[in-house]
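Below: the structure, in C-alpha cells.
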Amino acid sequence: MFGKVIHFNKNSSTTTESSNLPSEITNQFKNEILAKGLQIAESSRISHINFGREAYFALVTDSTGKPVYVHLILDPTTKLLSRATCGCFRSSTRTYCHHIVSLVRYILRPDPVTGKLRSLCDDFQDSFWYEISWFGYKNYGDSILGFRAQVNHGDEGLRIVFMDKSAKEVLAFMPGACLVDEYLYDFFEVINRDIDPAVFKAMYGRKLKDSHVPSQRRRPWGYTTAEEEINRKGMKSNRQQYEDSMWHRIAKVAFLVSGRQSQNFHFKFLEHKEGLIVEGFDEEGSTILRFVPPRTAIGAIIELGEKKGVIGEELPLQTRSLKTGYRIDLEEDSSLCITPIVENPDPNAEADEQYLCRIDLEHQLYGSYYYFPQWGFFRIEVPGTSGLPAEYFSPQKIIRVPPDQITAFLEQHGDLLRNEPGILVDDALLQRKTVENYRVVTADHKSVTQDGITLNITYEFGDFSLTLRDIYEAKKYGKKFLIRGDKWVDTGSAEFSWVDALDEGAVSSNNTLVLGRREYLRFVALHERLEKKFSTAKLKEWFTSLERLKPPKRPPALADMKGTLRGYQKTGYGWLWFLYENGFSGLLCDDMGLGKTHQVMALMTGILRRKKDASPQPKFLVICPTSVLSHWKDKVNEYCPLLNPYVYHGTDRIFHEAFQEHTLIITSYGIALRDIEILADFRFELLVLDEIQAVKNKATKTYAAVKALEASCTLGLTGTPIENSVSDLKSLFDIILPGYLLSDSQFEKFFRYPIDEGAEDAVAREKLARLISPFVLRRKKEQVLKELPEKIEDVRRCSLSGDQLKFYRDLVNNQGQELVQKLKDPDEKVPYMHIFALLNYLKQVCDHPALLEGERTNYKKYSSGKWDLFIELLEESLGSGQKVVVFSQYVKMLELIESYLTDNGIEFATIKGHTRRRAEAVTRFNTDPRCMVFSASLRASGLGIDLTGASVVIHYDRWWNSAREDQATDRVHRIGQKRGVQVFKLVTEDTLEEKIDKIISKKKELMNSIVRHDDKGVLKYFTREDLIELMSI
C-alpha cells in the first residue's frame, strides 16, 4: 500500500502565486504537482490524523473519492520536508505527488503576527489542550486504570472519563462520532475493556474491533538513538511515556476536532463548591471535553488559561493585580509579628483596612489568585522579596520573632526591610536602640526589721528612668522590652535577671521591695553602679557592717577549744560566725593544709558557748567521704572533746540514741543516702559537708539526699569548688543557698555560657565573683605563708574495706595462729623469718589487696580503704595546684599508683631502684608545670635528691624507722622550698599498721638509732608480746 520513501531536495522551481506558503516550502515541488496539490487542498478531505515530533500521518481523499495514506516528516527548524511517502502510484516512481502537497498545505500556516511558518505540532504545543494533557499526566501519571469508557445515550455517545482516587470525575471527553470513525485505535484498550460489544454494535452498526491501521499511523514519528536503546531494554523515556499516555491522546484528538486555531473554552467558577469547570468545544459549538481540576490546581489552570488567552467573560477575572507583602507589628509581649498581607480590592476601604491578612483569606486563595465574591478573581503581585529570609517571611503563616531574637533580627535584616518593596514596618521600629545597661541604680534604704530590708529602687538611663515596679511588671507579664521613645530597655538582660527570683507581689504598687539579708547582698553584688541613700547615719552604719561581712556581735571566745588558731584561721572563724549569725550558709574553700577542720570546730565551739543555756542543746552533723571519718573523729577528740563526737557508720549504727547522747554526729555520704529518711526527720544547728564537690552531680541520689537535710546553717568544705566548669559552683550553691545563683537557665545564659564557652567574658566572670564573695572564703597557701609552720605532719587513718578484711583475716587465721602459739611457748625459738613474711603480707593487704596477686596495673580489681583515702588526698592536692610526692616501700604499689595516674591523664616522674636517669626525672618534676606527681621508693630516693617543686608529701605505708621517713620528707622540705609542706602518713585502723605506729611512737629514739633497713632484723627489738599483738586481729 505504501510506496518507497522519497527524499526531497530544495528545487529552484517557480513559486505558484496561489500558494500562501513561502518559497522555501513550495520550491520542493514541481509546478504542476504543486498547483494540483494546492487546488485539491481546498476540496480534499484529510482525516485519521496522527502527529508528533514534526512527523505526520493522515488519510487524504481527493476529488476522486479514493483515500490514500500519506506520511511525512518535517525539519523541526526550517519546516522543509525531510522525508515523505504516499500510497498513490507516484510513490512507486520515486517522485512526489499532489497528496503530499495537500497534507503539507494543511500542516503549515504562517503566523498572522510574526509571519513565521508554524506547523500543526507547533500549534498543538501552544494550545490550551496541550496544557490540560500535561497537567493531567504530571498529576495523575500515564496509567489507564483511572480512565473509563461510558455510554451516554444522549448526543454525546461514547465518553472517555478519568476518575481520581476518590472516584470524583476529573475529565470527560466526548468528541462524538469521530471517536469511533477516526480515532477508535487511540482508545480501543479502554473501550474494549468497558463497553459491551453488543451495545457498541447497536450504537454504531459495526463490531467492536481495532481498526486495521498501519503502524506508522499509530506512531508516525521517530525516536532518538537513546530512546531506541532503552526501548530495547523494555523501558520508555519520560517523553515517550507522556506521548503514549491517555492524556496526550485525548488532547490531540480534541485539538484536531475543535480546529487547530480554535481556542473555544468556557470557564465556570462554582463559588458554593469552590470548584472550577472548564469546557472545550468543537468547531460547531458542541461540548467535547469537560475538565474539573482539583481545588489545589484551580489557580494553576486559570493562570494557564489566562496565558493562552482562552478565558472569556464568563469567568470574572480582573485585569488589576493585588499587591502582596508583609506587615511587621510589635506585640504586647514585645515579640515581633510578621503577617503576610494582600491589598484590599475594595476601593472604598478605610485607611486601616488597605491591606488584609492573607491567613484570613486562605480559603479564598487559588494558586496565584484571590477570589472575592463581589469582584471575582485577582492575580496577586508578588514583589521581588527573594532576599527575605524564609524562616521569618512566609506567605502561608504568621511568624513571630521572640523578644530575645528581635535585636539580632533587626540588626541583620534592617537594611533589607527598609529597602524591600512590600514591607510595611514602622520606621521607629527600625531606628530603635536596644538598651541593656543602666547608667546608675538608686537604692533608697528605708528600714531594717525582723521581716527584712525595705528598699525603693530606681534605674536611671540618662534621659529617662524606670522604677523596679516597671521592670517587675514587664517581666511578670512576659514583656521583654520597655519602650521609651526610640529606646528599648531589654528587661531580659543580665542586669535585671535577679528580678525573676522575686516572689509574687514582692514589689508593691509604690515601688517598695522587702528583701532578706541574703537577697540584699545578692542585689548589691549584681549592681556595680549602685547609689545608696540612707535616712539615718545609724542605718548606714548597719548596712556598712553587713556588706563588710562583719558579725553584729563579737564571736564567742574559744576557751573550750584546745590549741590556738592562727591569724587567718581566726579570720575564717569570724567569717563563719557572720554566716551563722545572719542565717546564711557558705563554702569554705581554703587550700589543703590550712585547717578547714579547725575553723569548723571553732564555729561549733562558739555555737555551744553562745547556746550553753539553750534547750535542747544544738546538734551538729558532719558528712564526709568514708576515707576521712577517722580524721574527723581524731581531730575533734584532740582539740574539741566537748563536742563528744560519734561516728555514725557500720552495721551497728543507731541514730536516735547517738542524737540524744552526742553533740556531733559524723557520717559518710553513703550512709547519709541509705538513712536519709531518718536524718531528714531532725533539724541540725550546723550541717557540714566535707569534700562537698563529691556530690556536685545533680542527677545523683546523694545530691538529692543532701538537699533534703535541714539545718540552720550549712557549710560546704572543699579545696576545689570548680573542677571543670562554673556549673560545678552552681551545683554546690544550690545545696547551701538554693536559688541564690538564679535559675539554671539564667545561670547558663548569663554566666556559664559567657565564661566557659564564650570568649571568657571578663565582665561575667567579675560579676559572678562579686555575687559569690559574701558566701565563699578561699585562701591559698601563698597568701598565708608567713603564718604557716614550715612543715605540718598529719597521720590520716582509714578502715579496711570488705575485700581487705577478708584477706587480712585469712592470713591471720591460716598463718598467724601457728606463729602465735610458738611465741607463747618460751622454749620455742622466735621464727623471725616467718613472722616478718606474714607481717609483710599484712602490710600489703593494708596497701591494696592486688599486691598479693602481683598486680601492677589493675587497681580496680579490689577495694581498699587506704587507696580511697590516697585518691581523696591526691585529688584535693592537685585541685589546689599543689605538686605531690608519694613514697612507698613496695615497687608494685608505686606501679599501681602510676597506672591510675596514666589512666587519668596525670603526668608524673618516678625513681625506683632500677631507675638510671634520676637527674632527668627530678629536673622534669621540679621544672615542668604539667608534671604534678613524683612517685618514689623510700630506699631509692631517701637521700641525695631535691624535690622542692612539691608541697605535699604522702607516705603511702609506714617504715619501722621514722627517721628514714623524715629523710624522705626532707627531699621536699629543704632549702629552696618556698611553701609550707604538708605531710600525710596513711595508717589503716585496727591493723598491724596502727600497732606499728604506736610502737614507733613509743620506741622512736631506739628504732631510729638502731634500725637501718626494713627487714626481719627489726623484729629482734620487739618483745614476744609485741609480736603477738602485731599478728592478732
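The values are calculated or read from the model by the stated rules, or taken from the named source; none is laboratory data. Only a predicted model underlies this, so the values are computations on that prediction, with no experimental measurement involved. Quick reminder, even Gly has a Cβ in these numbers, built from the backbone with ideal geometry, and neighbours come from all protein chains shown.
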Residues (in a loop (DSSP other than H, G, I, E, B) and farther than 19 Å from residue 179 by Cβ) located in region 138-152: 141, 142, 143, 145
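Which one is nearest to the chain's Cα centre (by Cα) among residues in region 728-748 that are under 14 Å from residue 500 (Cα atoms) and touching a residue at least 60 places away in the same chain (Cβ under 8 Å)? Show your work before the answer.
Within region 728-748, the subset under 14 Å from residue 500 (Cα atoms) is 739-747.
In the following step, the residues that additionally are touching a residue at least 60 places away in the same chain (Cβ under 8 Å) were identified as 739-740, 742-743, 746.
Values: 739: 26, 740: 27, 742: 23, 743: 20, 746: 18 Å.
Of everything passing the filter in region 728-748, 746 is nearest to the chain's Cα centre (by Cα).
Could you tell me which residue of region 41-53 is farthest from residue 86 (Cα to Cα), considering only residues that are out of contact with any Asp or Glu (no Cβ under 7 Å at 6 or more places or on another chain) and either crowded, with 21+ Cβ neighbours inside 10 Å or not charged (D, E, K, R) (or both)?
Residues of region 41-53 that are out of contact with any Asp or Glu (no Cβ under 7 Å at 6 or more places or on another chain), as a first pass: 41-43, 45-46, 49-51, 53.
Filter once more, keeping what is either crowded, with 21+ Cβ neighbours inside 10 Å or not charged (D, E, K, R) (or both): 41, 43, 46, 49-51.
Working: 41: 15, 43: 18, 46: 13, 49: 14, 50: 15, 51: 16 Å.
Looking at the filtered set, the residue picked out is 43.
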Any hit, region 845-854, residues being modelled with pLDDT under 85, under 21 Å from residue 886 (Cβ atoms) and under 55 Å from the mean Cα position of the chain (by Cα): yes
Residues satisfying the stated conditions in region 504-519, i.e. part of a loop (DSSP other than H, G, I, E, B), free of Cβ contacts under 8 Å to residues at least 60 places away in the same chain and under 39 Å from the mean Cα position of the chain (by Cα): 504, 505, 506
Qualifying residue in region 328-338 (condition: at pLDDT below 90 and at positive phi): yes
Top-ranked residue of region 212-238 - restricted to ones that are surrounded by fewer than 15 Cβ atoms within 10 Å (Cβ to Cβ) and either more than 60 Å from the chain's Cα centre (by Cα) or within 23 Å of residue 47 (Cα to Cα) (or both), ranked as modelled with the highest pLDDT: 222
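State yes or no: is residue 817 free of Cβ contacts under 8 Å to residues at least 12 places away in the same chain, on the phi < 0 side of the Ramachandran plot and not aliphatic (A, V, I, L, M)? Don't jump to the end; show me each part of the working.
Numbers: free of Cβ contacts under 8 Å to residues at least 12 places away in the same chain: yes; on the phi < 0 side of the Ramachandran plot: yes; not aliphatic (A, V, I, L, M): yes.
Judged against the criteria, residue 817 is a match.
If you check 764, 769, which single one turns out to be touching a helix residue (DSSP H, G or I) at 6+ places or on another chain (Cβ under 7 Å) and of a type in the set (A, V, I, L, M, F, W, C)? First the steps, then the outcome.
Working: 769 fails: touching a helix residue (DSSP H, G or I) at 6+ places or on another chain (Cβ under 7 Å).
Testing whether each residue is touching a helix residue (DSSP H, G or I) at 6+ places or on another chain (Cβ under 7 Å) and of a type in the set (A, V, I, L, M, F, W, C) leaves just 764.
Considering each residue of region 520-554, count those that are of a type in the set (D, E, K, R) and in contact with a Phe, Trp or Tyr (Cβ under 8 Å, 6 or more places away or on another chain), and give that number. Quick ask: steps written out before the conclusion?
First, the residues of region 520-554 that are of a type in the set (D, E, K, R): 522, 528-529, 531-533, 538, 540-541, 547-548, 550, 553-554.
The next check asks that each one be in contact with a Phe, Trp or Tyr (Cβ under 8 Å, 6 or more places away or on another chain); those that pass are 522, 529, 532, 540, 550.
Total meeting the criteria: 5.
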Boolean, residue 432 is closer than 16 Å to residue 357 by Cα, basic (Lys, Arg) and surrounded by 14 or more Cβ atoms within 10 Å (Cβ to Cβ): no
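Only one residue in 699, 704 is more than 24 Å from residue 603 (Cβ to Cβ) and either within 23 Å of the chain's Cα centre (by Cα) or in the same structural domain as residue 496 (by TED's automatic domain parsing) (or both). Which one? Spell out how you get there, then give the answer.
Numbers: 704 fails: either within 23 Å of the chain's Cα centre (by Cα) or in the same structural domain as residue 496 (by TED's automatic domain parsing) (or both).
After ruling out the rest, the residue left standing is 699.
Across region 593-625, which residue is surrounded by the fewest Cβ atoms within 10 Å (Cβ to Cβ) among those that are small (Gly, Ala, Ser) and closer than 30 Å to residue 515 by Cα?
So the first thing to find is which residues in region 593-625 are small (Gly, Ala, Ser), and the list is 593, 595, 602, 606, 614-615.
Next, from what is left, pick out any that are closer than 30 Å to residue 515 by Cα: 606, 614.
Values: 606: 22, 614: 11.
Here the residue is 614.
In the list 490, 590, which residue meets the criterion of being acidic (Asp, Glu), buried (at least 19 other Cβ atoms within 10 Å of the Cβ), in contact with an Asp or Glu (Cβ under 9 Å, 6 or more places away or on another chain) and modelled with pLDDT of 85 or more?
Numbers: 590 fails: in contact with an Asp or Glu (Cβ under 9 Å, 6 or more places away or on another chain).
Of 490, 590, the one residue that is acidic (Asp, Glu), buried (at least 19 other Cβ atoms within 10 Å of the Cβ), in contact with an Asp or Glu (Cβ under 9 Å, 6 or more places away or on another chain) and modelled with pLDDT of 85 or more is 490.
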Any hit, region 173-194, residues being among the acidic types (Asp, Glu), in a loop (DSSP other than H, G, I, E, B) and surrounded by fewer than 17 Cβ atoms within 10 Å (Cβ to Cβ): no
Test set (1) buried (at least 17 other Cβ atoms within 10 Å of the Cβ); (2) over 56 Å from the mean Cα position of the chain (by Cα) - residue 269 fails condition number: (2)
Residues within region 244-266 that are surrounded by 14 or more Cβ atoms within 10 Å (Cβ to Cβ), in a loop (DSSP other than H, G, I, E, B) and of a type outside the set (Gly, Ala, Ser), tallied: 3
Test: residue 951 is hydroxyl-bearing (Ser, Thr, Tyr), at pLDDT below 80 and either more than 22 Å from residue 912 (Cβ to Cβ) or touching a strand residue (DSSP E or B) at 6+ places or on another chain (Cβ under 9 Å) (or both): no
Qualifying residue in region 453-465 (condition: outside the structural domain of residue 584 (by TED's automatic domain parsing), among the small types (Gly, Ala, Ser), touching a strand residue (DSSP E or B) at 6+ places or on another chain (Cβ under 6 Å) and closer than 30 Å to residue 322 by Cα): no
Top-ranked residue of region 742-776 - restricted to ones that are part of a helix (DSSP H, G or I) and among the polar types (S, T, N, Q), ranked as farthest from residue 731 (Cα to Cα): 773
Residue ID - farthest from residue 1024 (Cα to Cα), chosen from residues in region 799-838 that are in a helix (DSSP H, G or I) and in contact with an Asp or Glu (Cβ under 8 Å, 6 or more places away or on another chain): 836
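Quick one: would you say residue 796 is within 30 Å of residue 736 (Cα to Cα), in contact with a helix residue (DSSP H, G or I) (Cβ under 8 Å, 6 or more places away or on another chain) and not aromatic (Phe, Trp, Tyr)? Give the steps one after another, and end with the answer.
Working: within 30 Å of residue 736 (Cα to Cα): yes; in contact with a helix residue (DSSP H, G or I) (Cβ under 8 Å, 6 or more places away or on another chain): yes; not aromatic (Phe, Trp, Tyr): yes.
When the stated conditions are applied, residue 796 passes them.
Show me the strands (runs of 3 or more DSSP E) found entirely inside region 869-976 where at least 2 residues are within 43 Å of the chain's Cα centre (by Cα), hydrophobic (A, V, I, L, M, F, W, C) and surrounded by fewer than 19 Cβ atoms within 10 Å (Cβ to Cβ). Let's see the steps before the verdict.
Working: elements: 884-888, 907-911, 931-937, 952-955.
Result: empty, no element qualifies.
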Hey, residue 666 of a type in the set (Val, Ile, Thr), farther than 28 Å from residue 550 by Cβ and touching a strand residue (DSSP E or B) at 6+ places or on another chain (Cβ under 8 Å) or not: yes
Candidate set from region 750-761 (those that are more than 30 Å from residue 594 (Cβ to Cβ) and in contact with a helix residue (DSSP H, G or I) (Cβ under 8 Å, 6 or more places away or on another chain)); member that is surrounded by the fewest Cβ atoms within 10 Å (Cβ to Cβ): 758
Failed criterion for residue 862 (all others in (1) in a helix (DSSP H, G or I); (2) surrounded by 17 or more Cβ atoms within 10 Å (Cβ to Cβ) hold): (1)
